[in-house]
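> One structure is given below, represented as structure tokens, and several questions about it will come after.
The values are calculated or read from the model by the stated rules, or taken from the named source; none is laboratory data. Remember, it's a predicted structure, so these values are computed and weren't measured experimentally. Neighbour counts run over all protein chains shown; Cβ positions are idealised from the backbone, glycine included.
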Amino acid sequence: MLEIDGAYGEGGGQVLRNSAALSCVNNKSIKITNIRANREQPGLKPQHYVVLKSLKEIFGAETTGVEIGSTEVTFKPGKIKPDKYKFEVGTAGSITLVFQAIILACLNAKEQITVSISGGTDVKWSPSWDYFENVFLPLIERMGVKIYSDLILRGYYPRGGGEAVITINPTKKLKPLNISNEIDFSEVKGTICISNLSEDIARRIKHTATKTFLKEDFLSKIDVQQSTSLSPGVGVTLWSGVNNAIIGSTVLGDKGIPSEEVGLNVANYLLEEIKSYSTVDIHAFDQILPYMVLASKNGVSCCNVRKLSNHASTNMWLLKQFYPKVDFEALQNEDNFQIKVK
């Protein structure tokens with residue numbers, strides 16, 4: 001049984017999610033200790049509990065310690081069971097983070113698997129739904145992973161109530177991702193999603209972001225989507241893609257933060273990625289690292305990243321626990337890092 005120290009590096013829920021998913025991919029039993037030990041409230045939270053619960057059901061796994069607040073669990077995967085599943089995170093726990101763990105875990109599925117999850121679609125410290133759908137999914141699709149996604153309802157903090165469905169198709173062959181050449185990003189797309197709030201908020205966010213891009217000679221097309229949800233909320237996701245490269249940024253609105261500041265921040269975050277000549281943004285890089293490692297048996301993956309985040313460094317360490325022969329090569333350029341996974 002492989003033992004994973006959940007407090008290593010960044011020491012958050014990512015270690016738990018990816019450990020459980022990689023356990024399923026490799027059919028390898030694991031023991032995770034010190035779960036989220038560096039957090040103010042250590043142990044499993046509802047979102048992490050649902051990851052383990054969903055993978056336990058899909059893979060018929062044997063587990064111990066899977067309960068809210070637990071700081072140590074064991075997970076022994078069984079055989080994958082293709083079916084239609086429905087899980088509930090509760091309150092505003094992130095739907096997208098649970099989906100990411102399930103997609104990775106089911107990479108070797110031979111039949112379609114459909115998963116419906118309710119919870120938060122646009123919440124802090126996780127990919128927004130629009131980032132998940134317009135940045136993360138297209139990147140892994142370029143590597144051969146085909147996911148159908150459908151948003152039913154938006155869900156914001158604190159009540160959640162959002163719902164989304166994905167269908168995971170069998171991956172015939174995982175292809176390396178090679179996007180290391182400089183990319184000329186010229187057009188930005190985006191979505192402002194707003195629920196139970198004045199449409200003037202979205203208008204001001206859009207105006208500020210559009211004006212910021214115009215100053216840098218970038219065209220932008222930003223749509224506004226209004227909806228009704230259990231809790232009010234607003235968020236904006238921007239992305240830009242050329243050829244195989246795609247980068248994105250997300251900012252959620254919050255009480256006391258002017259709409260103009262939200263629009264300026266999300267535009268500047270994306271511009272910072274563009275000006276660094278990155279081909280994958282720092283958040284997406286962390287999220288697709290496991291796929292790059294799994295594709296290494298079929299060739300070298302290569303991309304340019306503005307900087308290596310603590311999440312990425314922790315993820316590299318974790319992946320080495322499962323794949324000790326994999327090699328990460330980071331070459332520092334003037335504006336970014338060129339990363340090779342082989």
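> Which condition does Ala284 not pass, out of (1) among the small types (Gly, Ala, Ser); (2) buried (at least 22 other Cβ atoms within 10 Å of the Cβ); (3) not in a helix (DSSP H, G or I), if it passes all the others?
The one condition Ala284 does not meet is (3).
> Next question. Pick from Thr96, Thr91: which is modelled with pLDDT under 95 and closer than 19 Å to Gly12 by Cβ?
It is Thr91.
> Given the structure, is Pro170 touching an Asp or Glu at 6+ places or on another chain (Cβ under 7 Å) and assigned to a loop (DSSP other than H, G, I, E, B)?
yes
> Does Ile282 satisfy the criteria of being β-branched (Val, Ile, Thr), modelled with pLDDT of 95 or more and either more than 19 Å from Ile183 (Cα to Cα) or outside the structural domain of Lys221 (by TED's automatic domain parsing) (or both)?
yes
For every residue, the table says whether it meets (1) surrounded by 18 or more Cβ atoms within 10 Å (Cβ to Cβ); (2) within 17 Å of the chain's Cα centre (by Cα).
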site	(1), (2)
Leu151	yes, yes
Pro170	no, no
Phe185	yes, no
Cys193	yes, no
Ser198	no, no
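> Next question. For region 122-141, check the following and say yes or no: at least one residue is over 30 Å from Pro232 (Cβ atoms) and over 15 Å from the mean Cα position of the chain (by Cα).
no
> Is it true that Leu318 is in contact with a strand residue (DSSP E or B) (Cβ under 9 Å, 6 or more places away or on another chain), farther than 21 Å from Glu141 by Cβ and crowded, with 20+ Cβ neighbours inside 10 Å?
Here the answer is yes, as Leu318 does meet what is asked.
> Can you say whether Gly119 is at positive phi and under 16 Å from the mean Cα position of the chain (by Cα), as far as the supplied structure shows?
The answer is yes for Gly119.
> Here's something else I'd like to know. Do we find a residue being of a type in the set (Val, Ile, Thr), within 19 Å of Ile4 (Cα to Cα) and touching a residue at least 12 places away in the same chain (Cβ under 8 Å) anywhere in region 72-94?
Scanning region 72-94 turns up at least one residue that is of a type in the set (Val, Ile, Thr), within 19 Å of Ile4 (Cα to Cα) and touching a residue at least 12 places away in the same chain (Cβ under 8 Å).
> Here's something else I'd like to know. Can you pull out every residue in region 154-167 that is at positive phi and in a loop (DSSP other than H, G, I, E, B)?
Gly161
> For region 121-131, which positions are part of a loop (DSSP other than H, G, I, E, B) and not hydroxyl-bearing (Ser, Thr, Tyr)?
Once the filter is applied, which keeps residues that are part of a loop (DSSP other than H, G, I, E, B) and not hydroxyl-bearing (Ser, Thr, Tyr), region 121-131 yields Asp122, Val123, Lys124, Trp125, Pro127.
> Only residues that are farther than 20 Å from Gly90 by Cα and buried (at least 18 other Cβ atoms within 10 Å of the Cβ): list them for region 35-73, please.
Ile35, Phe59, Ala61, Val73
> Residues that are farther than 30 Å from Ser118 by Cβ and in contact with a Phe, Trp or Tyr (Cβ under 7 Å, 6 or more places away or on another chain): which strands (runs of 3 or more DSSP E) entirely in region 176-263 hold 1 or more of them?
It comes to 187-195, 219-227, 233-242.
> Mind listing whichever residues of region 108-119 are of a type outside the set (Val, Ile, Thr) and in contact with a Pro (Cβ under 9 Å, 6 or more places away or on another chain)?
Asn108, Ala109, Lys110, Glu111, Gln112, Gly119, listed by residue number.
> Now, a different point. Test Leu319 against the stated conditions and say whether it is out of contact with any Pro (no Cβ under 7 Å at 6 or more places or on another chain) and touching a residue at least 12 places away in the same chain (Cβ under 8 Å).
no
> Quick one: count up the residues across region 105-131 that are surrounded by fewer than 24 Cβ atoms within 10 Å (Cβ to Cβ) and more than 23 Å from Leu230 (Cβ to Cβ).
8
> Another one. Can you tell me which residue in region 80-89 is nearest to Ile152 (Cα to Cα), limited to those that are touching a helix residue (DSSP H, G or I) at 6+ places or on another chain (Cβ under 7 Å) and surrounded by fewer than 18 Cβ atoms within 10 Å (Cβ to Cβ)?
My answer is Tyr85.
> Could you list, in sequence order, all residues of region 295-328 that are out of contact with any helix residue (DSSP H, G or I) (no Cβ under 7 Å at 6 or more places or on another chain), farther than 12 Å from Ile339 by Cβ and assigned to a helix (DSSP H, G or I)?
Ala295, Ser296, Lys297, Asn298, Asn310, Trp317, Lys320, Gln321
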